[in-house]
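Asks: I have a structure I would like to understand better, so I am pasting it below and will then ask my questions one at a time.
The values are calculated or read from the model by the stated rules, or taken from the named source; none is laboratory data. Only a predicted model underlies this, so the values are computations on that prediction, with no experimental measurement involved. Note that we place each Cβ from the backbone using ideal geometry, even for glycine, and neighbour counts take in every protein chain shown.
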Amino acid sequence: MEKLSNIGLQKEDSRKVADKLNELLANYHLYYQNLRGFHWNIKGVYFFQLHDKYEELYDVALTRIDAIAERILTIGQQPLHTFSDYLRVSSIKEAANLSDGKETVAATHQNLSTLLDLEREILKLAAETGDEGTVSLISEDIHENEKTLWMLNAFLS
């Protein structure tokens, strides 16, 4: 049995990375759906600011979801693709019935913190296995998510 994938990575290493990427994919789907709900249901004094910001954030999340799934395929594995899988695997939970600005920003902050923790785990694993493609994908995402988290912190302080 061939130990290297068609892109030259160890198959077993790629399976481990893909498992963590699938966990990230599931969490990103819940993060995305929460942002959609916040966008639709936001009320109050922060409506105009947050309505637009949530749309911006969910558009970015959707792009990242696609990039993560494509990376899983690139390293020879299968991305999760059902909501039942996402709900089973995700640490992020559905945020139902939130419409207050501070509550929705706090929930977004918590969700983004969860994504960053997982991305840092993936970054370490990918670096240890020599998977530079995943390192690059995740490094860029960490940078952008840290900046967004900083902005959310500023809003909440």
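Asks: Of everything in the stretch 91-120 that's touching an Asp or Glu at 6+ places or on another chain (Cβ under 9 Å) and over 26 Å from ASP52 (Cβ atoms), which residue is surrounded by the most Cβ atoms within 10 Å (Cβ to Cβ)?
Replies: LEU118
Asks: Keeping to the stretch 130-141, report how many residues are surrounded by fewer than 17 Cβ atoms within 10 Å (Cβ to Cβ) and not charged (D, E, K, R).
Replies: 4
Asks: Restricting attention to helices (runs of 4 or more DSSP H) lying wholly within the stretch 1-120, give those where 1 or more residues are of a type in the set (A, V, I, L, M, F, W, C) and under 24 Å from SER157 (Cα atoms). Don't jump to the end; show me each part of the working.
Replies: On the way: elements: 11-41, 47-74, 83-89.
Fully inside the stretch 1-120 and qualifying: 11-41, 47-74.
Asks: Does the stretch 58-73 include one or more residues that are surrounded by 15 or more Cβ atoms within 10 Å (Cβ to Cβ), at pLDDT 95 or above and basic (Lys, Arg)?
Replies: yes
Asks: Just one of ASN34, ASN22, ASN27 is over 26 Å from SER99 (Cα atoms) and in contact (Cβ under 8 Å) with a residue 60 or more places away in the chain; which is it?
Replies: ASN22
Asks: Sticking with this one: Please tell me if GLU146 is among the charged types (D, E, K, R), at pLDDT 95 or above, under 27 Å from TYR46 (Cβ atoms) and not in a helix (DSSP H, G or I).
Replies: no
Asks: Another question, if that's okay. Within the stretch 132-147, which residues are more than 14 Å from the chain's Cα centre (by Cα) and free of Cβ contacts under 8 Å to residues at least 60 places away in the same chain?
Replies: GLU132, VAL135, SER136, LYS147 - these are the residues of the stretch 132-147 that are more than 14 Å from the chain's Cα centre (by Cα) and free of Cβ contacts under 8 Å to residues at least 60 places away in the same chain.
Asks: Residue check: is THR148 surrounded by 18 or more Cβ atoms within 10 Å (Cβ to Cβ), on the phi < 0 side of the Ramachandran plot and among the β-branched types (Val, Ile, Thr)? Give the derivation first.
Replies: Details: surrounded by 18 or more Cβ atoms within 10 Å (Cβ to Cβ): yes; on the phi < 0 side of the Ramachandran plot: yes; among the β-branched types (Val, Ile, Thr): yes.
Yes: the conditions hold for THR148.
Asks: Could you list, in sequence order, the residues of the stretch 1-24 that are in contact with a Leu (Cβ under 7 Å, 6 or more places away or on another chain) and either under 15 Å from VAL60 (Cβ atoms) or β-branched (Val, Ile, Thr) (or both)?
Replies: VAL17, LEU24
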